[in-house]
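*Asks:* What follows is a structure written as structure tokens; I'll ask about it next.
The values are calculated or read from the model by the stated rules, or taken from the named source; none is laboratory data. Because the structure is predicted, anything quoted here is derived from the model rather than measured. Virtual Cβ from ideal backbone geometry, glycine too; neighbours counted across all protein chains shown. These accessible areas exclude ligands, DNA and RNA; they are computed on the full protein's heavy atoms, side chains included. Shrake-Rupley method; radii C 1.70, N 1.55, O 1.52, S 1.80 Å.
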Protein chains: 4
Amino acid sequence: MAHVLGQNQYGKAENRIVRVYRDSTRHEIKDLNVSVALSGDLDDVHLTGSNANCLPTDTTKNTVFAFAKEYGIESAEAFGITLARHFVDNNEPIHRARIRIEEYTWDRIRTPDSSSRFIGSEEVGHSFVRNGGEVRTSEISYDGESVQVISGLKDLVVMNSTNSEFWGYIKDRYTTLQEAYDRILATQVTARWKYSFRGQEGEAQPNWNRSYQHVRRHMLEAFAETYSYSLQQTLHAMGTRVLNNRAEVDEVRLELPNKHHFLVDLEPFGLKNENEVYYAADRMYGLIEGTVHREGVVPVIPVA
Amino acid sequence: MAHVLGQNQYGKAENRIVRVYRDSTRHEIKDLNVSVALSGDLDDVHLTGSNANCLPTDTTKNTVFAFAKEYGIESAEAFGITLARHFVDNNEPIHRARIRIEEYTWDRIRTPDSSSRFIGSEEVGHSFVRNGGEVRTSEISYDGESVQVISGLKDLVVMNSTNSEFWGYIKDRYTTLQEAYDRILATQVTARWKYSFRGQEGEAQPNWNRSYQHVRRHMLEAFAETYSYSLQQTLHAMGTRVLNNRAEVDEVRLELPNKHHFLVDLEPFGLKNENEVYYAADRMYGLIEGTVHREGVVPVIPVA
Amino acid sequence: MAHVLGQNQYGKAENRIVRVYRDSTRHEIKDLNVSVALSGDLDDVHLTGSNANCLPTDTTKNTVFAFAKEYGIESAEAFGITLARHFVDNNEPIHRARIRIEEYTWDRIRTPDSSSRFIGSEEVGHSFVRNGGEVRTSEISYDGESVQVISGLKDLVVMNSTNSEFWGYIKDRYTTLQEAYDRILATQVTARWKYSFRGQEGEAQPNWNRSYQHVRRHMLEAFAETYSYSLQQTLHAMGTRVLNNRAEVDEVRLELPNKHHFLVDLEPFGLKNENEVYYAADRMYGLIEGTVHREGVVPVIPVA
Amino acid sequence: MAHVLGQNQYGKAENRIVRVYRDSTRHEIKDLNVSVALSGDLDDVHLTGSNANCLPTDTTKNTVFAFAKEYGIESAEAFGITLARHFVDNNEPIHRARIRIEEYTWDRIRTPDSSSRFIGSEEVGHSFVRNGGEVRTSEISYDGESVQVISGLKDLVVMNSTNSEFWGYIKDRYTTLQEAYDRILATQVTARWKYSFRGQEGEAQPNWNRSYQHVRRHMLEAFAETYSYSLQQTLHAMGTRVLNNRAEVDEVRLELPNKHHFLVDLEPFGLKNENEVYYAADRMYGLIEGTVHREGVVPVIPVA
């Protein structure tokens, strides 16, 4: 009985690269984690172990580091597009490249004597503290014809200490949950959004860094401003807020774990808990996932 | 401009349940992590916050614990099928259920005085040590008509200390890798395999526990017995070995990080390293992924 | 042969408590992870299983949550002192209490339409985003007579992209390291500092929150401003900077992993790497640890 | 005001080394994570940045790898002793060395066609699966005069599904816990034990590997065989069992988190839970710690 080799891909994952710009004494840094996945005419590698069509994962790693010098890293997305095009356009057996990038951001350490550390009129700046908040993500795919860019973020933890209710749901034999008219709503946002950009001749790239900041801000604002009757409603508000404000985005997918904060029963101790003391639970958690996209757009961001 | 609500799902994730069987003084335990995801007629929950069609995630959690008592847990797969059918068949707005389960296994602690702890002829057995090896996984989906079962494992770490080579690959401007004629091959296996079982009237369930043991064994044997010229070749050998031996499985997908072990250069110390001393690297790592399926079968296991 | 029961302690660890202050529509939150450890007259609990002298760990948990309501949480340190005194002063068999607390901080989400969300003249503020940076730590001990407070932080990641050298070290048979005259210096700061405060009658507590902010700032500034010839030198500069500026602190201990950033060799690709492209390694890492204390003070912060 | 440099140490942490023995076609492997910490005459390194007395952490790493070849790794403890002696005896400014080692164990993959893979009468054996259970630990210290060896393990997870009670404890205003007469007792054992071995002239080293296996077994048996009224009682039984049976050990310290398994209330669903269905909680957990040592021995294993 014949077996078929289906989807397959390979590459070097988690290339941790730090790029320093030293054009002035005020340095800039980019801190990325880059993963490469290549597909193509790779049947022989699997069937016979012939590596004639195989660009080694080690070479994909070298290319990441070399390109950081040759082309620089203006944004993760632009860097990923350059890498993806290179692998496909310069290796006949490679038909598709997918570059995933995580980006970690750093803030400057500002010191009171900064003034004394000027050289002439140039600020000295080479000290940074890592911003421990959300991780910026991107996934760039290229198949020889068009580019697809899905950007995102993860580990953005948010909380509303009020303006959240949950009631009116199905009751069955296994229902014990009490309806809630004032609860904490907290979640750790994982978001991915697809750009309409396809990388065609003459098509200008969006300003990826600016777009990211705006998408992030719109999601935070929608989270804060939505009086919520379900986390699904909040998810939908966050997704549509992005589509309404950012023309360059045509699909948004969100994964929102409901980080439960349970009101602690203080009555046994003669105390009244007026929504003041909560136990923050790890597990179990509700998990709410959903996509919002523009009409006519075929959604492509996969279920996690 | 209208926006469309695309794929969405929700449910309680990571319900950590331990089920003890105390039918005799020789106890048995099942230790699972169960995640529920439901889809269906849920537009209102997102658009207006009306929860009339929403079975709360809390109820899905209660159901998991109640079913462990009502139906028992013979295998994760059978338990997941019972849960998935329940949610869809008993809640009109719910059209699809996906149950993901991780299973942790425990071995008995055997003690020299076990004999003295018999009651009559019955062995006393209530002490266990967790088997820290691979985690068994399963994903059961039900759409009201048919069931789909994808079983698997993760965190199975294996190593061949020889019988692995890598050479004859593409060389380009960014190549620095030396060809290898005797290297360590180590990986942390994540595997998923789909059963042909569809849960139709009168269709018998496979023996899930037995099938798991055999699939695991065949993968280990294929890993050990393959003289490897690429990790892709080993991946293919593992997948086809399963298909060749287990008729109930019709698709296998593997994710194999290449856990690099670099030969340490001991020459500066006047020592010769004859493939004896290696540095085990964390990152970067090669990542090799692929699917093997029977002819005529449409593969469904998604790319991670 | 007799065996002796030595140091022992017990209590509930990792009580995850969120305290919301709702005195106005502008809420405040405190997010803590509190661990209790009690010692005392507990020989019987170990030797015979008699729990007559045992305050259950469950009760220590309840006390944490109840005290958050009864006494509030102005600072982790003040909260810990109140808890530690309670356990010792109100339970005759308990002679010593150690409270460890991690604190996670949250920033407000600011929205453009905040103005429209005023109620009368009161700002609405109930939306927060977790500050993912360093975790604030504290350890409060009380033995019935005096209090000891060790505050600290962890996971504060900092980098200097220049102004670091390393040369002039011992060379032996196993030396291969090249001297460096311009390298990246990066570390993930774990710091603990002891206060001279002993909690005696009439002794005022320091302003713990203000002290924390200043200690953190002084360490960051010392890190940024030190032209470094060894990470030890930077460690010493950070510790003495705190002692020089904060009279309430009399001992500082730092653990500084040297998060290596290796310059990538780009010469094989015809490129020159002028300190621009680095590989950020996970392991191995140098680990530099040390204590600085005032003369005459007996250091008490233990080695990790 | 003068400040004093207190305890300080440095070295390369987490050297991940795999040593393969290829003396026959039946390979053996040792898989270690080695961390070095050196102390001594290092004031200048901290005060002036002069590295004249500093053996670089990079060199300590090289030494670990070189020694794996030169001296082999019969056991982690013997390897650590050789390393510690080397650093102190060969570097005048270094007065003390502490080597910490984690060891990961691997089992052989056995295959049915092993027979066909014999060469002459020699078994082919180069395939291994990592044993994911507990990690073996050791800490070797040497100050130029005597050696101290503290061995241990971590991540050994055990459970008794019955034979555990908890009642008769202190009740106060904050008590809500119900007394339990049949509960699950589960814990994740971290154990450290000190050997009386001091590394003096002519003193034979214990058989470290054999001793480890026996200590581990005695702890497991004591856990299984103790009918427990408190986890403290179980801790004490485990520690004394080791002292009673292993003359080479004179101190044992255990850290036992009480991994709570809460009985799920199934009554709302019309079901009776006869100690069959449990929810396995992550946090909070009780944490029980204690030392047992021989009379006359000064305990040295520090509180974590």
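*Asks:* Farther than 18 Å from A:Asn163 by Cα, assigned to a loop (DSSP other than H, G, I, E, B), over 22 Å from the mean Cα position of the chain (by Cα) and not assigned by TED's automatic domain parsing to the domain that holds A:Arg85: does that describe A:Gly199?
*Replies:* Values: farther than 18 Å from A:Asn163 by Cα: yes; assigned to a loop (DSSP other than H, G, I, E, B): yes; over 22 Å from the mean Cα position of the chain (by Cα): no; not assigned by TED's automatic domain parsing to the domain that holds A:Arg85: yes.
Considered against the rule, which asks whether it is farther than 18 Å from A:Asn163 by Cα, assigned to a loop (DSSP other than H, G, I, E, B), over 22 Å from the mean Cα position of the chain (by Cα) and not assigned by TED's automatic domain parsing to the domain that holds A:Arg85, A:Gly199 comes out as no.
*Asks:* Looking only at the stretch C:22-69, how many residues end up being closer than 29 Å to D:Phe166 by Cα and not in a loop (DSSP other than H, G, I, E, B)? Even if it seems obvious, please write down each step before you answer.
*Replies:* We begin by selecting, within the stretch C:22-69, every residue closer than 29 Å to D:Phe166 by Cα; these are C:32-69.
Now restrict to residues that are not in a loop (DSSP other than H, G, I, E, B): C:32-40, C:43-47, C:57-69.
Residues that pass the stated criteria total 27.
*Asks:* Related question: Do we have any residue at all in the stretch A:200-221 that's touching a residue at least 24 places away in the same chain (Cβ under 8 Å), within 10 Å of chain B (Cβ to nearest Cβ), surrounded by 17 or more Cβ atoms within 10 Å (Cβ to Cβ) and not charged (D, E, K, R)?
*Replies:* no
*Asks:* Turning to a different aspect of this structure: Being buried (at least 18 other Cβ atoms within 10 Å of the Cβ), within 17 Å of A:Thr234 (Cα to Cα), more than 21 Å from the chain's Cα centre (by Cα) and among the aliphatic types (A, V, I, L, M): is that true of B:Leu47 here?
*Replies:* Details: buried (at least 18 other Cβ atoms within 10 Å of the Cβ): no; within 17 Å of A:Thr234 (Cα to Cα): yes; more than 21 Å from the chain's Cα centre (by Cα): yes; among the aliphatic types (A, V, I, L, M): yes.
Taking the combined requirement at face value, the residue does not satisfy it.
*Asks:* Which one of these does C:His236 not meet: (1) touching a residue at least 40 places away in the same chain (Cβ under 8 Å); (2) open to solvent by less than 20 Å² (accessible area, probe 1.4 Å); (3) within 8 Å of another protein chain (Cβ to nearest Cβ)?
*Replies:* Failed condition: (2).
*Asks:* So which residues in the stretch B:1-37 are facing another protein chain (nearest Cβ under 7 Å), more than 30 Å from A:Val292 (Cα to Cα) and free of Cβ contacts under 8 Å to residues at least 12 places away in the same chain?
*Replies:* Residues satisfying the conditions are B:Val20, B:Arg22.
*Asks:* Next up: Looking at the stretch B:129-152, is at least one residue at pLDDT below 95 and either more than 27 Å from B:Arg210 (Cβ to Cβ) or open to solvent by less than 30 Å² (accessible area, probe 1.4 Å) (or both)?
*Replies:* Yes, some residue in the stretch B:129-152 is at pLDDT below 95 and either more than 27 Å from B:Arg210 (Cβ to Cβ) or open to solvent by less than 30 Å² (accessible area, probe 1.4 Å) (or both).
*Asks:* Of the residues B:Ala186, B:Ala237, B:Ala191, B:Ala204, only one is among the hydrophobic types (A, V, I, L, M, F, W, C), in a helix (DSSP H, G or I) and modelled with pLDDT of 95 or more; which?
*Replies:* Values: B:Ala186 fails: in a helix (DSSP H, G or I); B:Ala191 fails: in a helix (DSSP H, G or I); B:Ala204 fails: in a helix (DSSP H, G or I).
So the residue among B:Ala186, B:Ala237, B:Ala191, B:Ala204 that is among the hydrophobic types (A, V, I, L, M, F, W, C), in a helix (DSSP H, G or I) and modelled with pLDDT of 95 or more is B:Ala237.
*Asks:* Filter the stretch B:177-196 down to residues that are of a type in the set (A, V, I, L, M, F, W, C) and surrounded by fewer than 21 Cβ atoms within 10 Å (Cβ to Cβ), then give me how many there are. Break it down stepwise before answering.
*Replies:* Initial filter on the stretch B:177-196 (of a type in the set (A, V, I, L, M, F, W, C)): B:177, B:180, B:184-186, B:189, B:191, B:193.
Next, from what is left, pick out any that are surrounded by fewer than 21 Cβ atoms within 10 Å (Cβ to Cβ): B:177, B:180.
Number satisfying all stated conditions: 2.
*Asks:* What tally of residues in the stretch D:63-88 results from selecting those that are open to solvent by 10 Å² or more (accessible area, probe 1.4 Å) and of a type in the set (Asp, Glu)?
*Replies:* Of the residues in that region, 2 qualify.
*Asks:* Okay, moving on. Just to be sure, is A:Pro268 open to solvent by 30 Å² or more (accessible area, probe 1.4 Å) and either of a type in the set (A, V, I, L, M) or in a loop (DSSP other than H, G, I, E, B) (or both)?
*Replies:* Working: open to solvent by 30 Å² or more (accessible area, probe 1.4 Å): yes; either of a type in the set (A, V, I, L, M) or in a loop (DSSP other than H, G, I, E, B) (or both): no.
Considered against the rule, which asks whether it is open to solvent by 30 Å² or more (accessible area, probe 1.4 Å) and either of a type in the set (A, V, I, L, M) or in a loop (DSSP other than H, G, I, E, B) (or both), A:Pro268 comes out as no.
*Asks:* Those residues that are open to solvent by 50 Å² or more (accessible area, probe 1.4 Å) and touching a strand residue (DSSP E or B) at 6+ places or on another chain (Cβ under 8 Å), I need them from the stretch B:164-176; list them, please.
*Replies:* B:Trp167
*Asks:* Which one of these does A:Phe262 not meet: (1) touching a helix residue (DSSP H, G or I) at 6+ places or on another chain (Cβ under 9 Å); (2) more than 7 Å from chain B (Cβ to nearest Cβ)?
*Replies:* Answer for A:Phe262: the failing condition is (1).
*Asks:* Let me ask something else about it. Is it true that some residue in the stretch C:286-295 is within 26 Å of C:Ser161 (Cα to Cα) and in contact with a Phe, Trp or Tyr (Cβ under 6 Å, 6 or more places away or on another chain)?
*Replies:* Within the stretch C:286-295 (the criterion being within 26 Å of C:Ser161 (Cα to Cα) and in contact with a Phe, Trp or Tyr (Cβ under 6 Å, 6 or more places away or on another chain)), the answer is yes, since at least one residue qualifies.
*Asks:* Please work out which residue is farthest from D:Leu287 (Cα to Cα), limiting yourself to the stretch D:142-192 and to residues that are within 14 Å of chain B (Cβ to nearest Cβ) and among the small types (Gly, Ala, Ser).
*Replies:* D:Ser161
*Asks:* For the stretch B:26-37, does any single residue satisfy the condition of being at pLDDT below 95 and either touching a Leu at 6+ places or on another chain (Cβ under 7 Å) or surrounded by fewer than 17 Cβ atoms within 10 Å (Cβ to Cβ) (or both)?
*Replies:* yes
*Asks:* Looking at A:Gly80, A:Gly40, A:Gly72, A:Gly49, which is the one that is within 7 Å of chain B (Cβ to nearest Cβ) and either among the hydroxyl-bearing types (Ser, Thr, Tyr) or touching a strand residue (DSSP E or B) at 6+ places or on another chain (Cβ under 8 Å) (or both)? Walk me through how you get there before you give the answer.
*Replies:* Values: A:Gly80 fails: within 7 Å of chain B (Cβ to nearest Cβ); A:Gly40 fails: within 7 Å of chain B (Cβ to nearest Cβ); A:Gly72 fails: within 7 Å of chain B (Cβ to nearest Cβ).
So the residue among A:Gly80, A:Gly40, A:Gly72, A:Gly49 that is within 7 Å of chain B (Cβ to nearest Cβ) and either among the hydroxyl-bearing types (Ser, Thr, Tyr) or touching a strand residue (DSSP E or B) at 6+ places or on another chain (Cβ under 8 Å) (or both) is A:Gly49.
*Asks:* Looking only at residues that are among the β-branched types (Val, Ile, Thr) and more than 7 Å from chain A (Cβ to nearest Cβ) in the stretch C:129-141, which one is farthest from the chain's Cα centre (by Cα)?
*Replies:* Step one: of the stretch C:129-141, the residues among the β-branched types (Val, Ile, Thr) are C:129, C:135, C:137, C:140.
Filter once more, keeping what is more than 7 Å from chain A (Cβ to nearest Cβ): C:135, C:137, C:140.
Numbers: C:Val135: 6, C:Thr137: 3, C:Ile140: 12 Å.
By that ranking, first place goes to C:Ile140.
*Asks:* Return the residues of the stretch C:278-293 that are assigned to a strand (DSSP E or B) and either surrounded by fewer than 24 Cβ atoms within 10 Å (Cβ to Cβ) or within 21 Å of the chain's Cα centre (by Cα) (or both); say none if nothing qualifies.
*Replies:* From the stretch C:278-293, those assigned to a strand (DSSP E or B) are C:278-280, C:285-293; that's our starting set.
Hits for the stretch C:278-293 are C:Tyr279, C:Ala280, C:Tyr285, C:Gly286, C:Leu287, C:Ile288, C:Glu289, C:Gly290, C:Thr291, C:Val292, C:His293.
*Asks:* Kindly list the number of the only condition in (1) over 21 Å from D:Asp58 (Cβ atoms); (2) open to solvent by less than 10 Å² (accessible area, probe 1.4 Å); (3) at the interface with another protein chain (Cβ under 7 Å from one of its Cβ atoms) that fails for C:Glu251.
*Replies:* (3)
*Asks:* Next question, about the same structure. Hey, among the residues in the stretch C:100-114 that are of a type outside the set (Asp, Glu) and in contact (Cβ under 8 Å) with a residue 12 or more places away in the chain, which one's farthest from C:Ser211 (Cα to Cα)? It would help to see each step written out before you state the result.
*Replies:* Narrowing the stretch C:100-114 to residues of a type outside the set (Asp, Glu): C:100-101, C:104-106, C:108-112, C:114.
Next cut, in contact (Cβ under 8 Å) with a residue 12 or more places away in the chain only: C:100-101, C:104-106, C:108-109, C:111.
Working: C:Arg100: 18, C:Ile101: 16, C:Tyr104: 17, C:Thr105: 16, C:Trp106: 19, C:Arg108: 22, C:Ile109: 26, C:Thr111: 31 Å.
Restricting to residues being of a type outside the set (Asp, Glu) and in contact (Cβ under 8 Å) with a residue 12 or more places away in the chain, the top hit is C:Thr111.
*Asks:* Right, something else. Let me confirm something: among D:Ala97, D:Ala78, D:Ala84, which residue is under 19 Å from the mean Cα position of the chain (by Cα), assigned to a strand (DSSP E or B) and in contact (Cβ under 8 Å) with a residue 40 or more places away in the chain?
*Replies:* Details: D:Ala78 fails: assigned to a strand (DSSP E or B); D:Ala84 fails: assigned to a strand (DSSP E or B).
None of the others qualify; the one that does is D:Ala97.
*Asks:* May I pose another question? One residue is enough: does the stretch B:250-259 have a residue meeting the conditions in contact (Cβ under 8 Å) with a residue 40 or more places away in the chain, closer than 30 Å to D:Asn33 by Cβ, part of a loop (DSSP other than H, G, I, E, B) and outside the structural domain of B:Tyr104 (by TED's automatic domain parsing)? Working first, answer last.
*Replies:* Start the filter on the stretch B:250-259 by keeping residues that are in contact (Cβ under 8 Å) with a residue 40 or more places away in the chain, which leaves B:250-259.
Narrowing further to those that are closer than 30 Å to D:Asn33 by Cβ: B:254-259.
Narrowing the set further to residues that are part of a loop (DSSP other than H, G, I, E, B) leaves B:259.
Filter again for outside the structural domain of B:Tyr104 (by TED's automatic domain parsing), leaving B:259.
Checking the stretch B:250-259: at least one residue is in contact (Cβ under 8 Å) with a residue 40 or more places away in the chain, closer than 30 Å to D:Asn33 by Cβ, part of a loop (DSSP other than H, G, I, E, B) and outside the structural domain of B:Tyr104 (by TED's automatic domain parsing).
*Asks:* Let me ask something additional. Return yes or no: is D:Glu221 assigned to a helix (DSSP H, G or I) and acidic (Asp, Glu)? Break it down into steps so the answer makes sense when it comes.
*Replies:* Numbers: assigned to a helix (DSSP H, G or I): yes; acidic (Asp, Glu): yes.
Yes.
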